[in-house]
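> Mind having a look at this structure? Questions to follow.
Values quoted throughout were computed directly from the atomic coordinates according to the rules given, and no laboratory measurement underlies them. All values reported here derive from a predicted model rather than from experimental measurement. A quick note on method: Cβ atoms are made from the backbone with ideal geometry, for glycine too, and the neighbour counts reach across all protein chains shown.
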Amino acid sequence: MRRSVKYRLLFLLSVVVAYSLGFTYLPASLDEPSALIRLSVFSVIYFLVLPLGYWFAIIKVGGQKLWKLLIIFSLSSLMARLGFPAEIASYFEFIAWLRFPIIAVLLAIELYLIVSIARGLWQARSAKGDPRLTVISQYGTNQPQASLTTNKPVDKPQVQDDKKLTLGYMLATEPASWYYAIAYFSRHHARAIAHITSLSSSRWHLLSLITGLVAAATCCYLALVDWSELAALFSAGFIAYSVVVLCANHRIARHYSCYLIDDKLVLNNGIWGMLVVELNRIAGVELLDGSAQRDKQDLSFGRGKSNTRIMFTSPQVYMGAMGQLTESVSQIDIVLDNPQQFKSAIEAANLNGDLQLQQAS
């Protein structure tokens, strides 16, 4: 397990434990014995320990933006509003007032999603590529020319617009899931030059996930129907809607996990993550054998022992967690069904690009 993923999981576990202990041991009133001591301890945990943990595990180790600290402060404020004694919780009443603008924003997002889904479905009838590629090409990495002409190393790729890239990629995932889930929409898709070996590409894996999803939607409906039939239908329908994402993830892993388009190499880690690299940023492709040493901290795709390593001339941006967690990578190890074919395709594409460049000059 990579270091960044390990720290994310540890932080998530810490958050669950901290908030669970808070709801269990926080006093209901300041009149209780040792109420001030317990309140002080959990205040320090909520607003000092957890933010420091988030800064180290997510921002420093994970390479995320500093403004995302607002997430953990907002979450701790909400937990304080719900769990602190009434005398103190009233100071966090602003969280309750925030529900109105939050609801308005959510409604606006829902309306935007409906429009984007309809527009994406209409455009997908003749699309020739992943809708997310348009967002990456508009707001993605912009490598400085100095890194190409000097020997100075570039630690991180420069992103043209980080916020627009993150939000745009997330919104583009919705039409992209329909684009891949329905074979007719992706009929013009570029052919794969190899396939990344993964469980998601097997049909039995898809069937088991859909079965579990239907079971979860049914259980959710039965659990809520006595309380509110409308809420039960909405919740169950929302869960069942995820079948589109599961089908898209399966078809990506099975047919479109690795392909070339517009002088770019696209590596799809299912619907959950994507790495787009310009061919002239690829320093080399190395075929690995079973005895090759692999750095566990490097990004890797596929199930099993890596048989192919791609090295880049400068760091590239991996869009993980549907664009919410981005990483800077200098190389990637992947497990391919036909590594030699992949290497030959990359070398041939680079050769054609060099010939076209010489003819143009």
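> Give the distance, in whole Å, between the Cα centre of segment 1-43 and the Cα centre of segment 239-259.
Using only Cα atoms, the two centres lie 37 Å from each other.
> Next up: By per-residue mean of other Cβ atoms within 10 Å, what is the highest-first order of 314-326, 55-67? Write out the running numbers ahead of the final one.
Numbers: 314-326: 20.0, 55-67: 15.5.
Final packing ranking: 314-326, 55-67.
> If you add up the charges near Ser201, with Lys and Arg at +1 and Asp and Glu at -1, over every other residue whose beta carbon is less than 10 angstrom from its beta carbon, what do you get?
Numbers: positive: Arg203, Arg251, Arg254, Arg303; negative: Asp337.
Result for the local shell: +3.
> May I pose another question? Please tell me which of these pairs span more than 30 angstrom C-alpha to C-alpha: Lys65/Lys264; Lys6/Lys68; Lys68/Lys305?
Working: Lys65/Lys264 27 Å; Lys6/Lys68 19 Å; Lys68/Lys305 35 Å.
Result: Lys68/Lys305 exceed 30 Å.
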